[in-house]
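Asker: The structure under discussion is supplied below as structure tokens; questions concerning it will follow.
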Amino acid sequence: MKAALTSTCHKIKTLLYPYLVLSLICVLLMIIFSKEELYFAINHRHTVFTDVFFANLTVLGAGIGCIVIVLITVLINYRAGFLLASSYIITFIISQTIKHLVKAPRPHLFFSKKLHDIYLIKGVVMLDKNSFPSGHSVSAFTAAVVFTYVAKNKNWGGFWLIIAVLIAYSRMYLSEHFLQDVTAGSALGVFLTVFWLSWIDQQAFLKTEKWNRGIFRLNKNSVNKS
């Protein structure tokens with residue numbers, strides 16, 4: 001298992017190393033500044049464009065977004081789709097368990113007496129409970145790890161990291177989470193997925209030819225045979 005973990009970390013190093021640096025910066029910010037200071041530093045910076053951008057981008061970390069992403073991935077490669085779907089399930093179960101154990105208030109409830117000081121985006125449904133950790137951040141970083149892991153060109157790791165960071169940031173921008181929530185969510189997404197991939201991708205069935213093709217490729221082969 002140790003060798004598999006080392007191999008997995010090596011395969012995603014273009015994502016993992018910069019992620020560790022970003023995580024360290026977030027931890028330092030949380031040590032230096034209070035939860036309230038960090039929240040308002042983000043909440044007070046907004047534009048019409050970013051309101052629309054983050055309100056739409058955040059869907060990629062939601063349940064429906066994850067399902068669509070898995071379906072698209074399956075069209076391309078069964079193994080990648082399976083790794084993504086199973087990773088989503090593992091990280092979802094663990095993060096949701098933590099959510100319901102901690103029961104941390106979200107910004108809308110935490111600042112219930114200061115709502116007049118908060119910028120809220122019109123049309124965004126505000127939730128009050130189960131803030132820690134951020135589920136969208138868990139999903140975003142889970143996908144980023146899987147996509148980097150299965151990519152032939154590992155330089156894509158930087159791209160997937162940027163997308164995951166933007167989705168995590170959207171949760172703070174939309175006043176659904178605090179920096180602590182998205183940082184913890186990202187860590188769960190990255191490290192749980194690394195452990196899961198290190199075990200599940202060693203299973204023999206995933207090495208077979210039928211698992212290393214997708215619906216598009218299958219259809220192409222069917223046409224050629226006919």
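Asker: Scan region 47-94 for residues that are among the hydroxyl-bearing types (S, T, Y) and either in a helix (DSSP H, G or I) or in contact (Cβ under 8 Å) with a residue 40 or more places away in the chain (or both) and jot them down.
Answerer: T50, T58, T73, Y78, S86, S87, Y88, T91
Asker: A follow-up question, please. For region 138-164, what are the residues that are touching a helix residue (DSSP H, G or I) at 6+ places or on another chain (Cβ under 7 Å), under 29 Å from I32 (Cβ atoms) and of a type in the set (A, V, I, L, M)?
Answerer: If the condition is that a residue be touching a helix residue (DSSP H, G or I) at 6+ places or on another chain (Cβ under 7 Å), under 29 Å from I32 (Cβ atoms) and of a type in the set (A, V, I, L, M), then V138, A140, A144, V145, L161, I163, A164 are the ones that fit.
Results for (1) under 17 Å from P18 (Cα atoms); (2) basic (K, R); (3) assigned to a helix (DSSP H, G or I), shown as yes or no for each residue.
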residue	(1), (2), (3)
F159	yes, no, yes
H177	no, no, no
D181	no, no, yes
L192	no, no, yes
W199	no, no, yes
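Asker: What do you reckon, is T193 in contact with a Phe, Trp or Tyr (Cβ under 6 Å, 6 or more places away or on another chain), under 24 Å from F82 (Cα atoms) and β-branched (V, I, T)?
Answerer: No.
Asker: Being of a type in the set (A, V, I, L, M, F, W, C) and within 17 Å of A184 (Cα to Cα) narrows it down to one residue among L20, L5, L60, L71; which is it?
Answerer: L20
Asker: Looking at this structure, is S34 of a type in the set (S, T, Y) and farther than 29 Å from K152 by Cα?
Answerer: It is true that S34 is of a type in the set (S, T, Y) and farther than 29 Å from K152 by Cα.
Asker: Restricting the search to region 201-213, which residues are surrounded by 14 or more Cβ atoms within 10 Å (Cβ to Cβ) and assigned to a helix (DSSP H, G or I)?
Answerer: Passing the criteria: L206, W211.
Asker: Then there is this: Residues being farther than 16 Å from C9 by Cβ and over 16 Å from the mean Cα position of the chain (by Cα): count how many of those fall in region 137-155.
Answerer: Of the residues in that region, 3 qualify.
Asker: Search region 69-124 for residues being among the aromatic types (F, W, Y) and within 22 Å of the chain's Cα centre (by Cα), and hand back the single one that is farthest from V59 (Cα to Cα).
Answerer: Y78
Asker: Just give me the residues in region 105-155 being touching a residue at least 40 places away in the same chain (Cβ under 8 Å), aliphatic (A, V, I, L, M) and buried (at least 18 other Cβ atoms within 10 Å of the Cβ), in sequence order.
Answerer: Residues satisfying the conditions are V138, A140, A143, A144, V145, V146, V150.
Asker: If I go through region 2-16 residue by residue, how many of them are of a type in the set (G, A, S) and farther than 20 Å from L161 by Cβ?
Answerer: 2
Asker: Using beta carbons and a limit of 6 Å, which pairs, at least six apart or on different chains, have the first residue in region 30-41 and in a helix (DSSP H, G or I) and hydrophobic (A, V, I, L, M, F, W, C) and the second one surrounded by 14 or more Cβ atoms within 10 Å (Cβ to Cβ) and at pLDDT 95 or above?
Answerer: L38/L179
The values are calculated or read from the model by the stated rules, or taken from the named source; none is laboratory data. Just so it is clear, the structure is predicted and the values come from calculations on it, not from any experiment. Cβ sites come from the backbone with ideal geometry, for glycine too, and all protein chains shown count toward neighbours.
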